[in-house]
Structures are given as structure tokens and as C-alpha cells.
1. Kindly indicate whether any position in the range 93-104 is part of a helix (DSSP H, G or I), open to solvent by less than 30 Å² (accessible area, probe 1.4 Å) and within 23 Å of Thr235 (Cα to Cα).
2. Just to be sure before I move on: is Val96 within 16 Å of the chain's Cα centre (by Cα) and more than 16 Å from the ligand (Cβ to nearest atom) in the structure I sent?
3. Looking at the range 172-180, can you tell me whether even one residue there is touching a strand residue (DSSP E or B) at 6+ places or on another chain (Cβ under 6 Å), buried (at least 22 other Cβ atoms within 10 Å of the Cβ) and under 30 Å from Phe143 (Cα atoms)?
4. Restrict the check to the range 67-83 and report whether at least one residue is at pLDDT 95 or above, under 14 Å from the mean Cα position of the chain (by Cα), more than 15 Å from the ligand (Cβ to nearest atom) and closer than 30 Å to Leu176 by Cβ.
5. Among the residues that make up the range 118-136, is at least one of them part of a helix (DSSP H, G or I), more than 16 Å from the ligand (Cβ to nearest atom), hydrophobic (A, V, I, L, M, F, W, C) and free of Cβ contacts under 8 Å to residues at least 60 places away in the same chain?
6. Among the residues of the range 206-262, count how many are within 21 Å of the chain's Cα centre (by Cα) and of a type in the set (Ser, Thr, Tyr).
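The values are calculated or read from the model by the stated rules, or taken from the named source; none is laboratory data. Just so it is clear, the model here is predicted, and its values are computed rather than measured. Note: ideal-geometry Cβ built from the backbone for every residue, glycine included; neighbour counts use all protein chains shown. Please note that ligands, DNA and RNA were not included when accessible areas were found on the heavy atoms of the full protein model with its side chains. Shrake-Rupley method; radii C 1.70, N 1.55, O 1.52, S 1.80 Å.
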Amino acid sequence: MNGQQMLRGLLRLAGAALLISLFTGATVPAAPCPRKGTLGTSRTLEVDAVSFPRIGLKSFPQTLPLRDHEVVLTFDDGPSPPTTPKVLATLRKQCVRATFFLIGQPALEHPTMVRRIAAEGHSIGTHTWSHSDLQAMPRIDAFAEIDDGIAAVEWALRGVATTTPTTPFFRYPGFLMTPETLDLLQSRGIVAFGADLWANDWDPQTPKHELQLLIERLKAARKGIIVLHDPQAKTAAMLPAFLRYLRDNHYHVVHVVPTGPAVDFDGVP
Ligand SMILES: [Zn+2]
């Protein structure tokens, strides 16, 4: 059974579960935002693949046109209970909107959580089907990894396993790119979304150390796209203190969104 067949089989099996979750899936009522005393989200920035095909200084010469003290918060590798809900609760408490780069397999397992991320106003990009190294496989399999990841996330969001993403933002697992997949993304209008700074939250370290490292790097860079990992318990643990640091030191959170009309995931006109 190849990846595509497996995905289609899984989608069929999971169809009933999604139908149930669409009608019973609890979304947490949104806290009133903006709210005094919170970090908040200062502005939205529309990002499209024509103006910004490849962004993030870790991998590319170009990044987003952020001003001094502006940051974009991104979270990779979810959805993952129980840490993703903790991260969502922290963001909600500070009225902050972020971007989540979801992996297809867990998105298929936790469609309610995918819809909750969207319902809380965050952007959702994709991060392949299984988080494999795209440099270590034939071109055709790398393409399937990208497409199956998009299809799984779209199915979780909207019940349609399309390979046209609602939000055309993609991040490479481990930032491991190939020329062929970069060309594929560009030809399909999907932004290759890198990062400007990170907290090494994939390494063993305490939440306190992670926080210190991130603050040190932010002080040096003064702005940028930050990559964190919501499945990491230490990241979920240090996030409240990091958002307080941003608020108290006059940083501004920029929410990146796709160009075009917003999609309402709650089905409310
Ligand atoms: Zn990742």
C-alpha cells in the first residue's frame, strides 16, 4: 500500500468521526479580545507566494518586512494533546494570534483540535504528512508527503481532502529542502515558510533555559519569525512567561494570513 492509498483509506475510516466532531466538537468560547493588559495582536500581514515565495533567514536571503520589535509566532509539529490545548489557552489569555504548521498524520487523528486552532483565529499551514526528511526520498515521494499533509489538514478543517490548501503556507521538516519541491511549491502558489529565530526546543533543556535562550536571541535579532513546537511540554510551560516578556518589553505580535477573503471555519455567515 503506498502513501496515497493509505491516506485515502484513513480518510474513509475517519469520515464518520469527523461528522460526529463537526456537530459535537466543543470549541472554547473566544475571550473578548482585544483586552486591556494583554500582549494582543498588533496587526495582520497578508503573505502570498508572489511577493514572498520563500521567507525566513535560516534558509533564505529574504524574510517578512517586519518592523523593529515585531515578531511572528509559529508552532510546528502539532496537533498534539495535551500540549497544543495548553499553548492555545496561553495564546487566548494574551489575545495573541499565531500560525500552526500541522503534520498530516496527527491532524487526521485529532480533527477537532485542528478545527479548534482555526476557530480561535490562528493561521494553519502544513508540515508534510509524516514529518520525514524530504531530501532522503525520491522526488515523487517528497511530492506525495507534501500533498498528503495538505489533504489531511484540509480534511480535518473542512471535510474535503483537497491538495489545494486554504492557507498556502508550508514549512519543511527540519528545514530540509530540495530544489524540486521548492519549484513545486512556487508553481502552486504555496509559500515556503522558514524562520528567523528559534529556541532549540527539540533539544533537552528546562523551560527556564529555553526561555532565556529565546530572549537572548530575540534581543540580538530585535524582530523576526519565531519557530516553536507545541508538542514540546517545555515550550507549553515557558510560553506564558515568554508572552509576558514580549508584553513588558514592548514587542508587537504580527499575525500572518493568506491574501484574500478570510475563511470562516465555524460555518457562520
Ligand atoms: Zn517539524
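1. Looking for residues that are part of a helix (DSSP H, G or I), open to solvent by less than 30 Å² (accessible area, probe 1.4 Å) and within 23 Å of Thr235 (Cα to Cα), one finds at least one in the range 93-104, hence yes.
2. Values: within 16 Å of the chain's Cα centre (by Cα): yes; more than 16 Å from the ligand (Cβ to nearest atom): yes.
Considered against the rule, which asks whether it is within 16 Å of the chain's Cα centre (by Cα) and more than 16 Å from the ligand (Cβ to nearest atom), Val96 comes out as yes.
3. No - not one qualifying residue is present in the range 172-180.
4. yes
5. no
6. Within the range 206-262, residues that are within 21 Å of the chain's Cα centre (by Cα) and of a type in the set (Ser, Thr, Tyr) number 3.
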